[in-house]
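Structure first, then comments.
The values are calculated or read from the model by the stated rules, or taken from the named source; none is laboratory data. This structure is a prediction, so every number in the text was calculated from the model and none was measured. All Cβ positions, even for glycine, are placed from backbone atoms using ideal geometry, and neighbour counts span all protein chains on display. Each accessible area value is taken on the protein alone, full model and side chains, heavy atoms only, with ligands, DNA and RNA left out. Shrake-Rupley method; radii C 1.70, N 1.55, O 1.52, S 1.80 Å.
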Amino acid sequence: MTAIPFDNSFARLPAQMFTSLPPTPVAQPGWIARNTDLAILLGIDPEWFESAEALDVFAGNASAAGSAPLAQLYAAHQFGQWNPQLGDGRAILLGEVIATDGIRRDIQLKGSGRTPYSRSGDGRSWLGPVLREYVVSEAMYAMGVPTTRALAAVTTGEDVYREARLPGAILTRVAQSHIRVGTFQVHASRGDLIALQALFDHTVARHDPGATSPNAFLRAVVARQADLVARWMGLGFIHGVMNTDNCSVAGETIDYGPCAFMDAYHPGKVFSSIDQMGRYAFGNQPGIAAWNCAQLATALIPLMPDRDAAIEIFTQSVNTFPDLYAATWLSVFAAKLGISDPVPDDRALIEDLLDLMAAGGSDFTNTFANLASDTAQEQFADRDRFAAWHSRWVARRAPAFAAVMAKANPQIIPRNHQIEAIIQAGIKGDFAPFHAMLAAVTSPYDTLTPDRARFAAAPTDEEVVTRTFCGT
C-alpha cells in the first residue's frame, strides 16, 4: 500500500495560480495527535501513519511519494477592504487524495514555513492555534457541520515569536478543497482569463459536476453558504474572520482563527480581537456570507459573454440567499425545540426564546440542552416570561420531542475557557487535557457522565474569555 495515495490535480493548473515549493524543515518534531479514523478514510496506510517517516512528513521534514507541495495564490476583501494579493503565507498543500468514499480531498500543512505570500510573516504557527483548530474542527465534524478536519498535529522543537516566545507546532488540515472566493477574485482582478477559466473548470469538475454555467455554480455556492451559516447559528458559533479568503466555495467551515462558541447568548457577540467594529458579530454572519457570495459573483462576470446580463442573473442568484438561509435556520432551530414538522409560524416561537435568552444572558448551549428538564427556568432572568413561553412551546412540540432534541442539541461544545486551559497545559508540554477535551467534544450528544460533565459547565466569572486571537 502507498503511504498516502496522492492523486493531484490543482498542481496541473496554470503556473500563475500557485508557487511550487516544499515545507521548511523543523528542528525536532514530535507527535501531539493523529486522527487514525480520518487517515483510514483518506486511504493512508495505518501502519505507516504511526511511523517516524509519517512524523517527518507531517512536520515538513520529508516528502511523501507522490506529493506536489505548493502554496496557493488568492486575494480577499478583509473586513470589507480589498487586498489584491494574499495567498498561503504559512501553509503548504501537500497534494490531494481520492478518499475511500470517492470524494477528492486536500492534505495541507499549516505552520510549515515561509512562502512567497508570507509578506512579513514567519510562516510558522505557535501551539495555541493548532490545538484550537484541531479541537474545534473535529467538534464541528462531530456535530454534523461541514468543515475542514484535522489529520495530525506535531510540535516542531522550535519557538516562534508573537507577544512572547512560544512553542511552535504544525497542523495537518484536510478539506474538500482550499479554493476560496478570494481564489477567484485574484484572477478576475488581474484580468487573467486563462487562469480564471481554468480555475472555474477545475472547481466545477471537483465540486459541482452538474453545473453547466457560471450561474449554476454560483447558485450552488450560495446554497452551500446559506446552509453552513444557518448551522453555525444553531450552535452559537462565531467564525470571527469571514473575509472572502476564509469563505470556501466547497461550503466547509475553514480557517479557525479567532473563532468561538458563545457561552452567554447575545446576537451582537464579538470575540475576535481584530474585529474592532463588530463586522463579523454573531448576528451579522448571514449577511456577510451573502455579501461574500456577491463578491464571487463579481469575480465570475468575466466568464460571461454579456456583462449587463451577467449582473442581472447573478444578482438574482445571490438574492436567493435569504430564503435558503431562512429555511435551514427554521429547520435547525425547530429541531432544537423538538419540533419535527416546522411551519413559518414557528419562527416567532424560536425568536421569542432567543429574545428571552439575550435579555438574561442565558447560556446558549445549556439552555437548549436542558430545555425539557425541570431546571430549565434557572437559565432565565425573567422566569414569568419564560413560563408563558414554555406553555406555548409545550403546545407545539412533537410527541417524540425529546428524541428530536437529543439529536439537535449538543451537551458539550469546545468552550473558550476550556480551550485556553488546554493551550496553557500544552505550552508546558502536557497534552493530556487536550486529549481529554478532544474525546469529550467529539461525542457531543452522548449522556453526561460525571467525567464529561465538567466539559458542559459554563465558565465562572473568573474563567470567562472575552477575546480570541488569530495567532499569526
Quiz item: Restricting to helices (runs of 4 or more DSSP H) lying wholly in region 356-460: which have 3 or more residues that are farther than 18 Å from Gly236 by Cβ?
Solution: 383-396, 401-408, 416-427, 432-441, 450-456
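Would you point out the residue of region 76-96, among those that are over 19 Å from the mean Cα position of the chain (by Cα) and farther than 25 Å from Thr155 by Cβ, that is most open to solvent (accessible area, probe 1.4 Å)? Walk me through it before giving the result.
Of the residues in region 76-96, the ones over 19 Å from the mean Cα position of the chain (by Cα) are 80-86, 94-96.
Now drop any that are not farther than 25 Å from Thr155 by Cβ, which leaves 80-86, 96.
Working: Gly80: 26, Gln81: 129, Trp82: 104, Asn83: 32, Pro84: 74, Gln85: 82, Leu86: 9, Glu96: 3 Å².
If we take residues in region 76-96 being over 19 Å from the mean Cα position of the chain (by Cα) and farther than 25 Å from Thr155 by Cβ, then Gln81 is most open to solvent (accessible area, probe 1.4 Å).
Results for (1) of a type in the set (A, V, I, L, M); (2) over 29 Å from Asp341 (Cβ atoms), shown as yes or no for each residue.
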site	(1), (2)
Pro414	no, yes
His417	no, yes
Ile423	yes, yes
Ile427	yes, yes
Ala432	yes, yes
His435	no, yes
Val441	yes, yes
Asp446	no, no
Pro450	no, yes
Practice problem: Sort out which residues of region 153-203 are crowded, with 23+ Cβ neighbours inside 10 Å and over 25 Å from the mean Cα position of the chain (by Cα), and write them in order of number. | Solution: Leu196
Exercise. Name every residue in region 8-46 that is touching a Gly at 6+ places or on another chain (Cβ under 8 Å), part of a loop (DSSP other than H, G, I, E, B) and either of a type in the set (Lys, Arg) or surrounded by fewer than 16 Cβ atoms within 10 Å (Cβ to Cβ) (or both), in order of residue number.
Key: Pro25, Ala27, Gln28
Practice problem: Answer yes or no: is there a residue in region 295-312 that is open to solvent by less than 30 Å² (accessible area, probe 1.4 Å) and hydroxyl-bearing (Ser, Thr, Tyr). | Solution: no
Practice problem: Mind listing just one residue for me: the one in region 204-217 that is farther than 21 Å from Gln316 by Cβ and in contact (Cβ under 8 Å) with a residue 40 or more places away in the chain and, of those, surrounded by the fewest Cβ atoms within 10 Å (Cβ to Cβ)? | Solution: Arg206
Quiz item: Wholly within region 47-166, which strands (runs of 3 or more DSSP E) include no fewer than the required count, namely at least 1 residues that are at pLDDT below 95?
Solution: 149-161
Exercise. Starting from residues that are touching a residue at least 40 places away in the same chain (Cβ under 8 Å), part of a helix (DSSP H, G or I) and in contact with an Asp or Glu (Cβ under 9 Å, 6 or more places away or on another chain), keep the ones in region 220-270 and report whichever is surrounded by the most Cβ atoms within 10 Å (Cβ to Cβ).
Key: Val221
